[in-house]
Amino acid sequence: MWRMIFDRRGFLSAMPALLASSAVADAEPERKTRFYLVEQFQLEQGSQGSRIHDFFSKGMLPALDRIHSGPKIFLEAIAAPHMPLVTAIIGVESVGQIWDLQKQLLADKDFNHAFEQWEAGDEPFVTSSTTLLEATSYSPEIVAPEKPAGAPRIFELRVYHSPTARQRRALDARFAGAEIGIFHRVGVHPVFYSSTVFGANKPNLTYLIPFDNLAAREKAWAAFGADEEWIRVRKESVERDGQITAVIDLSLHHAMPYSPIR
């Protein structure tokens, strides 16, 4: 989002899709967080990592905390196609709120000073990408703890790309039906489920799962793969709808100590 503030051309080109998605979301007044902005920065080894974390922790996050109470997650990859990789995820209630936050950040002197320091000297990153996700109807709300306890958790980001919209709907039906219940039974508790409004590999289901550590992740997924109900549900799904995911992308991250959700 901080990049879009200073270069809005890419964001503006996506507005028709955003407005259509927003119209659907507006029909769900009970939902608080409707969208997630996901910005990822590919870095080089060296000073870029410390500089971006300084910007996030000392500039971006304090400014956001003053104007926005929604979810904020800051991650650094431990296993991803490109490393180093830093990810920021900001939850918002509406597309209009994105514009409001941009205006307020542009007027924030401390934020602008931190941004200028981040960009001073060598390039601050190699490349960046922005994705807008829309929360599914069955996505939980993220609630930031008043005092995060313990060490920052591991977060697994999973993206399931479906070949067609029909298969994407079948994927939603499977998750909203039995799959989430199985997840919870074996120790998989995603903090959100979403679909991409603009970004790569549409249509897809994108979700983010915290684990206490890598051992907990391995144990949970092993239990899921061996679960008798899951084996039955998956078999029935394939027989009814075929293979409803063409590509599964996953990456592992650890939450940064300054991340409100960690």
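Compute the signed sum of charges (Lys and Arg +1, Asp and Glu -1) over the other residues within less than 15 Å, Cβ to Cβ, of Glu229.
With Lys, Arg at +1 and Asp, Glu at -1, the neighbours total +1.
Quick one: work out Rg over Rh on the C-alpha atoms of the range 113-214, Rh as Kirkwood radius.
We get a ratio of 1.07 for the range 113-214.
Can you tally the lysine pairs in the chain where the Cα-Cα distance is under 18 Å and the two residues are eight or more apart, or on different chains?
Pairs that pass both the separation and distance tests number 4.
Given just the C-alpha atoms of the range 154-252, how large is their convex hull per residue in cubic angstrom?
Considering the Cα atoms of the range 154-252, their hull volume per residue is 91 Å³.
From the mean inverse distance of alpha carbon pairs (Kirkwood) and the Cα radius of gyration, derive Rg over Rh for the chain.
0.96
Given 10 Å bins starting at zero, what is the percent of C-alpha pairs of the range 197-252 in each, up to the one with the largest pair distance?
Reading upward from the zero bin: 17, 38, 38, 7.
Using C-alpha positions alone, give me the convex hull volume of the range 41-125 per residue in cubic angstrom.
100
How high is the FRET efficiency from Glu236 to Arg185, r the C-beta distance, R0 25 Å, rounded to 0.05?
The computed FRET efficiency comes out at 0.90.
Return the distance in nm (one decimal) between the two label points of a simple spin-label model at Ala223 and Leu106, each offset 7 Å from Cα along Cα→Cβ.
Placing both labels 7 Å along Cα→Cβ, they lie 4.9 nm apart.
No value in this document is a laboratory result; all are computed from the given coordinates. These figures come from a predicted structure and were not determined experimentally. Ideal geometry is used to build each Cβ from the backbone, glycine not excepted, and the neighbour counts take in all protein chains shown.
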